[in-house]
Each structure stands twice: as structure tokens, then as C-alpha cells.
Amino acid sequence: EGFHGYLLHEYTSLDRVALIGAAIDDADDPDALIAWLAMDDSDIEDRVAEFADAYQGRISPGSEREWAQQWLDDTRDGPDDGPDYSEWPFYCIDWEHAAKALQLELSCNSGWSFVETAGGDTIIFNR
């Protein structure tokens with residue numbers, strides 16, 4: 001209890017349980033930390049230390065468009081004021097589809113991970 005769904009095995013050492021519990025207590029987003037540890041929990045101390053750099057946020061259901069647009073703004077070269085998404089060609093783009101395609105591209109080619117939670121959010125990691 002209190003481990004946000006993290007699966008502890010029958011023979012998990014007390015030291016490991018204490019490390020995991022302390023990390024969960026300290027985490028700003030415990031569910032994201034659990035998702036990160038579940039991907040590879042071989043060395044808890046290293047994984048917890050890597051978490052802050054790897055965690056890129058969440059995509060809530062219905063916010064795929066905003067995430068894809070923000071990713072474009074953050075990664076493009078160009079004027080600081082950014083594109084006007086109400087102008088052509090941006091209003092022609094199916095941003096929900098673009099977001100899913102971007103997730104697939106980043107997952108396959110750039111080492112990013114997208115983990116869907118039980119609540120429907122998608123947690124983003126960049127390894």
C-alpha cells in the first residue's frame with residue numbers, strides 16, 4: 001500500500017522497499033516515477049537519479065493537439081513568436097493524428113517512451 005501500483009515481489013529486500021518508498025514520497029509525479037521504474041527497475045538508485053532528466057511530462061486525453069504544437073514550437077528554428085496555428089497550412093493539419101505519428105516516430109527512432117496510465121494520461125520519457 002502507498003506504492004501507487006508498483007508491484008513488489010514476495011522476496012523484495014527491505015532496503016529496496018525503503019528506497020522505492022522514499023523515491024515515491026519525494027516524487028512530484030509518483031505515477032510517472034512508477035512507470036519509469038517499471039520499464040527497468042534493475043538498479044533503483046540509478047533509475048531514480050535518471051528520472052528527473054528523462055521525465056518530459058504528460059499528455060492528458062484530449063490535449064494531443066496542444067502537445068504536438070508545443071513540440072513543434074520547442075524544436076523548430078525560426079522566429080521567436082512562432083507560427084500562427086489559425087493560418088494555412090496549420091489549420092489543415094490533423095493535430096491528433098500528427099501527435100500519434102510524432103509519438104511513434106520518437107519511440108522508434110529517438111529513444112523516447114510513451115506510457116499510458118490507467119487514467120488515460122500518457123507519460124513521456126526521453127532516455
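If you go through the stretch 17-37 one residue at a time, do you hit one that is within 30 Å of residue 94 (Cβ to Cβ), open to solvent by 60 Å² or more (accessible area, probe 1.4 Å) and part of a helix (DSSP H, G or I)? Scanning the stretch 17-37 turns up at least one residue that is within 30 Å of residue 94 (Cβ to Cβ), open to solvent by 60 Å² or more (accessible area, probe 1.4 Å) and part of a helix (DSSP H, G or I).
Here is a check on your reading of the model: is residue 56 closer than 30 Å to residue 85 by Cα and either open to solvent by 60 Å² or more (accessible area, probe 1.4 Å) or over 17 Å from the mean Cα position of the chain (by Cα) (or both)? It is true that residue 56 is closer than 30 Å to residue 85 by Cα and either open to solvent by 60 Å² or more (accessible area, probe 1.4 Å) or over 17 Å from the mean Cα position of the chain (by Cα) (or both). Taken over the stretch 30-80, residues that are in contact with a Gly (Cβ under 8 Å, 6 or more places away or on another chain) and of a type in the set (Ser, Thr, Tyr) amount to 1. For the stretch 59-76, does any single residue satisfy the condition of being touching a Lys or Arg at 6+ places or on another chain (Cβ under 6 Å), β-branched (Val, Ile, Thr) and modelled with pLDDT of 85 or more? No: the stretch 59-76 contains no residue that is touching a Lys or Arg at 6+ places or on another chain (Cβ under 6 Å), β-branched (Val, Ile, Thr) and modelled with pLDDT of 85 or more.
Residues that are of a type outside the set (A, V, I, L, M) and in contact (Cβ under 8 Å) with a residue 24 or more places away in the chain within the stretch 14-43 comprise 16, 29, 30, 31, 36, listed in sequence order.
The values are calculated or read from the model by the stated rules, or taken from the named source; none is laboratory data. On a predicted model such as this, the values are computed, not experimentally measured, just so you know. When we count neighbours, we look across all protein chains shown, and the Cβ atoms used for this are built from the backbone with ideal geometry, even at glycine. All accessible areas refer to the heavy atoms of the entire protein, side chains included, with ligands and DNA or RNA removed. Shrake-Rupley method; radii C 1.70, N 1.55, O 1.52, S 1.80 Å.
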